[in-house]
Amino acid sequence: DDIVLFNRQPSLHKMSIMGHMAKVLDWSTFRLNLSCTSPYNADFDGDEMNLHVPQSLPARAEAELMMLSSRVVVSGQSNRPVMGIVQDSLLAVQKMTKRDVFLERDLVFNILMWIKNWDGRVPVPAIIKPKELWTGKQMMSMILPKITLKASANNGPPKGPDGKTLPNTFNAYDHLVTIQDGELLEGTIDKKSVGSGMGGIIHTAWLDVGHEENARFMNQ
């Protein structure tokens, strides 16, 4: 948990060097949260990166208060997030929040065990008889920050001949996302909602509930 600065050349913008909390692990490679690779433009084909440990107290304070990765999620250049959920987590959250995903008791308890700020309450199952089943949306709601948001997903209705979307009264495609006070009521969560676009969950959470809560959500 010491603050360190991490950098990948060429340093083209402010987010090419960010502050991270150090965790000492085995072996001799640097590792980082996958969401942080986007602003570094880092991939895993042999990239080399540099780690700097600030020595003085003012340097440590500046790294923590001005350069910490969670504080620079939203870029000052374009006023939009420079990181989002990527790779495995993005695929998983899209699959998990589909309408037909139901989880059994043992899996739900295993998931709850990993939630950092869990209050010990198990949500009421969506289906009780003949077997207790929870939805993937309920599990997603357990880690969502307390925000309210209306968004849309990529799996919407097809376009008509004039290029306009055909009417879809009942949200049959489950593409209209509604989050109310941190509860996912409808919609599939995909790149449109948790990617690095404007007005998504990450952007809204960072602005409305702060960078620490947003970092917790991205980690979870």
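Regarding Glu212, is this residue out of contact with any strand residue (DSSP E or B) (no Cβ under 9 Å at 6 or more places or on another chain), surrounded by fewer than 16 Cβ atoms within 10 Å (Cβ to Cβ) and not aromatic (Phe, Trp, Tyr)?
So Glu212 fits the description; yes.
Hydrophobic (A, V, I, L, M, F, W, C) and either in contact with a Lys or Arg (Cβ under 8 Å, 6 or more places away or on another chain) or closer than 30 Å to Thr37 by Cα (or both), is that true of Ile147?
On the way: hydrophobic (A, V, I, L, M, F, W, C): yes; either in contact with a Lys or Arg (Cβ under 8 Å, 6 or more places away or on another chain) or closer than 30 Å to Thr37 by Cα (or both): yes.
So Ile147 fits the description; yes.
Screening the candidates Lys191, Lys150 for the property of being at pLDDT 95 or above and under 19 Å from Val73 (Cα atoms) yields one hit, Lys191. Please verify whether Leu51 is in a helix (DSSP H, G or I) and either touching a Cys at 6+ places or on another chain (Cβ under 7 Å) or modelled with pLDDT of 95 or more (or both), treating the condition exactly as stated. No. When the residues of the range 182-220 are narrowed to those that are in contact with a helix residue (DSSP H, G or I) (Cβ under 7 Å, 6 or more places away or on another chain) and among the charged types (D, E, K, R), which ends up farthest from Phe170 (Cα to Cα)? By that ranking, first place goes to Glu212. Just one residue in the set Asp47, Asp2 is open to solvent by 70 Å² or more (accessible area, probe 1.4 Å) and touching a helix residue (DSSP H, G or I) at 6+ places or on another chain (Cβ under 9 Å); that residue is Asp2.
Close contacts from the range 31-48, counting a first residue that is in contact (Cβ under 8 Å) with a residue 60 or more places away in the chain and under 18 Å from Phe217 (Cβ atoms) and a second that is aliphatic (A, V, I, L, M) and not in a helix (DSSP H, G or I), with Cβ to Cβ under 8 Å and a gap of 6+ residues or different chains, come to Ser35/Met83; Ser35/Ile85; Ser35/Val86; Ser38/Val82; Ser38/Met83; Ser38/Val86.
Among the residues making up the range 54-88, those that are surrounded by 10 or more Cβ atoms within 10 Å (Cβ to Cβ) and either of a type in the set (D, E, K, R) or in contact with an Asp or Glu (Cβ under 8 Å, 6 or more places away or on another chain) (or both) are Pro54, Arg60, Glu62, Glu64, Ser70, Arg71, Arg80. Among the conditions (1) assigned to a loop (DSSP other than H, G, I, E, B); (2) surrounded by fewer than 17 Cβ atoms within 10 Å (Cβ to Cβ); (3) within 22 Å of the chain's Cα centre (by Cα), Leu12 misses just one, which is (3).
The values are calculated or read from the model by the stated rules, or taken from the named source; none is laboratory data. This one's a predicted model, so the numbers in the text were calculated from it and none came from an experiment. Ideal geometry is used to build each Cβ from the backbone, glycine not excepted, and the neighbour counts take in all protein chains shown. Side chains included, ligands, DNA and RNA excluded: accessible areas come from the protein's heavy atoms. Shrake-Rupley method; radii C 1.70, N 1.55, O 1.52, S 1.80 Å.
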